[in-house]
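Right, one structure below, let's go through it.
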Amino acid sequence: MNSDNGQKFAIAIDGPAGAGKSTIARAVAKELGYIYVDTGAMYRAMALYLLRNGMQYDTAQSDPAAFESRAALLCRDADISIRYQDNEQIVLLAGENVNPYIRTGEVSAMASASSALSCIRERMVEIQKNLALQENVVMDGRDIGTVVLPNAQVKVFLTAGVKERARRRYLEDLEKYNREVSKAQETGAGVSLKKPDLEKIEEDIRIRDERDMNRQNSPLRQADDAVLVDSSDMSVDQVMETILNLVCVKKKRPQVITAKTAGFCFGVRNAIDTVYKQAEAKENGPINTFGPIIHNEIVVEDLRKKGVGVINTVEEIDAQEGGTIIIRSHGVSKALYERALGSRARVIDTTCTFVKRIHEIVQRESLAGKHIIIIGNHGHAEVEGTMGWAEGPVTVIESKDEALAFDAPKDVPLCVVAQTTFNERKFQELVATLKSRDYNCSVENTICNATHERQTEAGKIASLADVMIVIGSRSSSNTAKLYDICSEVCDRTVFLTGAEEPDLNLTGAEKIIGITAGASTPKNIIKEVQNHVRRTEF
Ligand code: F3S
């Protein structure tokens, strides 16, 4: 898409140091198939050019005026550009790939001295502008939207609080430091890096901000038409989505809004990580999960290839000779749990803490003489498991008809719990029905917070969306509930498993396409659907 001034599509991302500009710019460029212009690498290529033409870093100190006039003369003829080859960015100096030469100490020193000169900055701006005339680009820096690409179609000023930027830099440096320490322990080499100091990093960032905002030459400032994005509480994916949606608006395409809560919840994440760790550890004997670890055939198949099987019956538990049995996040009945503990296999229990809490309530309250009511889906693994912790009468109620037909002595108090992923509104409705029938109910709303937030967010996005996509397995009950919730407020709600090629019947008139996903939907499947939606032609 060309702009009126002949410029190709350009995205300018400016902001202070440590805001994550280059990570985001790279990711956005990759997503859109644009050229990410690594301006830092271009300044290094210029420094290499100056060195190759006989300039010396020392002159910058001993005779700054001579250094500047020589640089001004030479830089006019510098031919610097950028190209992508096998997904790698190549910086070209007069057509030569100079990537191997621009990271040396000598080039760094020259780049630092020469990039401060206005003649060099002006020449680089000229080269970068030229690049943007020939390619769709994403550029990041401090003066891209104000000086280099004032006509960029999308301008973003990406920032984050000083403390947050310091924290990110600290974690990055700590990781590098720890890597070097482990390497040193293995090889006996010395450790050259210093252990990072959070307070010092924070102080350095404050000083750098001050300097960047007040320098004479191209100071850091937000362009009047730039959109401010504060990434302090945002993930990389969320920042990406924000920027990609700005591009969509410019290109008159629908925006894609993905629920923050889409995909694995903490309980599922924990269970899956545990299984993958076991598969990697390759301890002796078979590894089996009791029931599929999640309602997702792709993940289950991937685990199968890594040697993790699925068992479904008590007989299979008894028959397992050693190895490991993993209890999934849904949990199992008390009898089954004890049977597994008594087997010849080692048992790893990944029952989610929220589900365990329900087991405790059910056991305690039934021992206290209450009739347990589980509001949930008949036959669902979590519900079946929970029933098995009751020490007395237990009934599953799924619908209003069942709540109306429920019949038990009125002098026996009821304890009502919910399946963790049950529809919140429906749960309240069924509790109200039981209460209206004069049952003495104590109610524990055990719908887990992750589910509550996922359902609330899905409903909100669906109410704004022209098309709402719900991704998950056909056998996942929490995904089915998300679909129900979204369908109530968005007529064009579509259920996708992620394995099929989605046919969304987009007309081009849609403004917002919403996406959410069940608790067992892997991130890569959500990403594939997002990409598909963004690339769909009308
Ligand atoms: Fe646990 Fe809630 Fe997930 S119960 S498994 S965190 S949906």
Leaving out ligands, DNA and RNA, and with a 1.4 Å probe, what % of the accessible surface on the range 13-113 is carbon or sulfur? 47
Send over a whole-number figure in Å² for the accessible area per residue of the chain, probe 1.4 Å. 48
Which angle between 0 and 90 degrees, to the nearest 10, do you get for helix 21-32 versus the longest principal axis of the chain when only C-alpha atoms count? 70
Give the angle, between 0 and 90 degrees and rounded to the nearest 10, that separates the Cα long axis of helix 477-489 from the longest principal axis of the Cα atoms of the chain. 70
Based on the Cα coordinates of the range 191-252, what is the per residue volume of their convex hull in Å³? 171
Low-density loop cleavage sites - trypsin sites (Lys or Arg not before Pro) in the range 453-515, where at most 15 other Cβ are within 10 Å (DSSP): R474, K511
Run down the aspartates and glutamates and flag those whose C-alpha is under 16 Å from the C-alpha of K511, throwing out any fewer than 8 positions away in its chain. E241, D466, D491, E537
How large is Rg/Rh for the range 45-93, to two decimals, with Cα atoms and a Kirkwood Rh? 1.12
For A94 and E429, compute 0.36 nm times the residue count separating them, minus their Cα-Cα distance, and round to one decimal in nm. 113.3 nm
Anything over 26 Å Cα to Cα? Flag those among K129/K155; K30/K250; K260/K282, in the order listed. K260/K282
Judged on accessible area alone, 1.4 Å probe, highest first, M213, M110 line up as M213, M110
Given a 1.4 Å probe and every protein chain left where it sits, what share in percent of the accessible area of the range 450-535 is carbon and sulfur? 51
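To the nearest 20 debye, what is the magnitude of the charge dipole of the chain about its Cα centre, counting +1 on the Cβ of each Lys and Arg and -1 on the Cβ of each Asp and Glu? Walk me through the numbers on the way to the answer.
Numbers: 67 positive and 76 negative charges, 159 e Å.
Approximately 760 debye in magnitude.
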Against the longest alpha carbon principal axis of the chain, how many degrees, from 0 to 90 and to the nearest 10, is the axis of helix 266-281 turned? 80
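Can you give me the orientation-averaged projected area of the convex hull built on the Cα atoms of the range 354-447, in nm²?
If you wrap the Cα atoms of the range 354-447 in a convex hull and average its projections, you get 5.1 nm².
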Need one number: the % of Cα-Cα pairs in the chain sitting beyond the 43 Å mark. 37
Residue farthest toward the positive end of the dipole of the range 450-535, with Cβ of Lys/Arg at +1 and Asp/Glu at -1: which of I512, S487, T451? T451
Residue-by-residue Karplus 3J(HN,Hα) for the range 76-83, coefficients 6.51, -1.76, 1.60, Hz, glycine and proline x: 4, 9, 5, 10, 10, 8, 10, 9
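Quick one: if the Förster radius is 60 Å, what FRET efficiency do S22 and D438 give, using the C-beta to C-beta distance and rounding to 0.05? Intermediate values should be presented prior to the final figure.
Working: r = 66 Å, r/R0 = 1.10.
So the FRET efficiency works out to roughly 0.35.
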Rounded to whole Hz, the Karplus (6.51, -1.76, 1.60) HN-Hα couplings of the range 337-352, x for glycine and proline: 4, 5, 4, 5, 4, x, 7, 8, 9, 7, 10, 10, 9, 9, 3, 4
Inter-label distance, nm, simple model (7 Å from Cα along the C-beta direction), E203/N53: 4.1
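Evaluate E = 1/(1 + (r/R0)^6) for T507 and E391, where r is the Cβ-Cβ distance and R0 equals 35 Å; express this FRET efficiency to the nearest 0.05.
Details: r = 58 Å, r/R0 = 1.65.
That gives a FRET efficiency of 0.05.
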Paramagnetic reach from N284 (point 7 Å along Cα→Cβ, amide N under 18 Å) across the range 323-343: 323-325, 343
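Considering only protein heavy atoms and a 1.4 Å probe, what is the carbon-and-sulfur percentage of the accessible area of the range 354-447?
Values: 2030 of 4090 Å².
The C+S portion of the solvent-accessible surface of the range 354-447 is 50 percent.
For the range 1-156, what does the equivalent ellipsoid look like in terms of its semi-axes, each the square root of 5 times an eigenvalue of the Cα gyration tensor, given largest first in whole Å? Please list the in-between numbers first.
On the way: eigenvalues 146, 52, 43 Å².
So the three semi-axes of the range 1-156 are 27, 16, 15 Å.
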Base-10 log of normalised Debye intensity for the range 450-535 (one unit scatterer per alpha-carbon) at q = 0.16 Å⁻¹: -0.54
Choose one of T497, I24, N284: the residue whose Cα lies farthest towards the positive end of the charge dipole of the chain (beta-carbon charges +1 Lys, Arg; -1 Asp, Glu; about the Cα centre). I24
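How much FRET efficiency would the formula 1/(1 + (r/R0)^6) give for K305 and R269, where r is the Cβ-Cβ distance and R0 is 22 Å, rounded to 0.05?
So the FRET efficiency works out to roughly 0.60.
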Once you place label points 7 Å from the Cα toward the Cβ at D86 and C119, how far apart are they in nm? 3.9
Along Cα→Cβ, 7 Å out, is where each label goes; now give me the distance between the ones at A72 and E528 in nm to one decimal. 5.9
What does the range 130-233 give for Rg and for Dmax, in Å, if only its C-alpha atoms count? 18.3, 54
Hey, can you grab everything whose amide H is under 5 Å from the amide H of I257? Only 5+ residues off in sequence or another chain; H modelled, so Pro and N-termini drop out. I513, G514, I515
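The values are calculated or read from the model by the stated rules, or taken from the named source; none is laboratory data. Predicted model only: the values in this text are computed from it and were never measured. Here Cβ is always computed from backbone atoms with ideal geometry, including for glycine, and neighbour counts include all displayed protein chains. The accessibility values were calculated without ligands, DNA or RNA, using every heavy atom of the protein model including side chains. Shrake-Rupley method; radii C 1.70, N 1.55, O 1.52, S 1.80 Å.
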